[in-house]
Amino acid sequence: MAARETCLVCQIVGNKIPSKKVYEDDVVMAVLDVNGANPGHCFIMPKNHYPIIEQVPDIEVGRLFQVSNKISSAIFESLGAQGTNIFVANGIPAGQTVAHFTINVIPRKENDGINLQWQPKQLSEEEMSTVELKLKEQTKNIGYFEKEEKKPRIYAPKPKMLSDEEEEYFSRQLRRLP
């Protein structure tokens with residue numbers, strides 16, 4: 001059976017599982033999380049099936065985060081949130097429980113009991129330098145992104161200039177208006 005047929009998120013996107021949609025367009029859907037951390041906890045997902053963020057095309061990643069930003073603003077405005085956490089659980093060790101990329105937007109209020117804190121790990125200077133070199137090597141081509149196809153621009157024709165005679169006619173007509 002194909003991953004899309006068994007994927008819980010794909011079933012939500014396909015309306016096979018009921019959901020409380022708060023936003024939808026041709027690429028993205030945002031729904032309330034039925035097991036949310038706080039009222040208004042949403043998850044934003046691509047309509048196409050991608051297990052992890054690395055598989056999502058750049059243009060769709062951009063759209064997903066645009067929508068996440070707007071959902072966060074809506075949460076502030078409509079629910080009176082004092083903050084939001086916007087995060088991705090990318091892979092099973094990171095807490096991802098469904099093999100479909102999603103972005104969580106969690107409304108936050110002071111003393112709401114949600115703890116997303118971690119204990120800092122202190123690295124030696126040598127460990128930091130090793131990690132830095134490895135990441136620099138892997139990110140040296142990071143400036144290349146998939147681009148959205150450019151659509152041809154359509155320009156309106158330039159307006160035809162009126163002759164002196166036509167302009168004089170319009171001027172006379174305007175003077176007649178009360």
Completion exercise
Filtering segment 57-111 for residues that are closer than 15 Å to Asp33 by Cβ, hydrophobic (A, V, I, L, M, F, W, C) and touching a Ser or Thr at 6+ places or on another chain (Cβ under 9 Å) leaves a count of 9
Practice task
Of the numbered conditions (1) in contact (Cβ under 8 Å) with a residue 60 or more places away in the chain; (2) under 15 Å from the mean Cα position of the chain (by Cα), Asp25 fails exactly one; give the number of that condition.
Solution key: (1)
Exercise for the section: State which residue pairs qualify: first residue outside any loop (DSSP other than H, G, I, E, B) and inside segment 99-122, second residue of a type in the set (Asp, Glu) in any location, beta carbons under 8 Å apart, and separation of 6 or more residues or different chains. Expected result: Asn104/Asp33
Exercise for the section: Return a yes/no flag: does segment 66-75 have any residue that is in a loop (DSSP other than H, G, I, E, B), of a type in the set (A, V, I, L, M) and without any contact (Cβ under 8 Å) to a residue 60 or more places away in the chain. Expected result: no
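The numbers here are math on the coordinates, done by the rules we state, and not lab data. What you see is a predicted model; the values in this text were computed from it and never measured. Methodologically, a virtual Cβ is constructed for each residue, glycine included, from the backbone with ideal geometry; neighbour enumeration extends over all protein chains shown.
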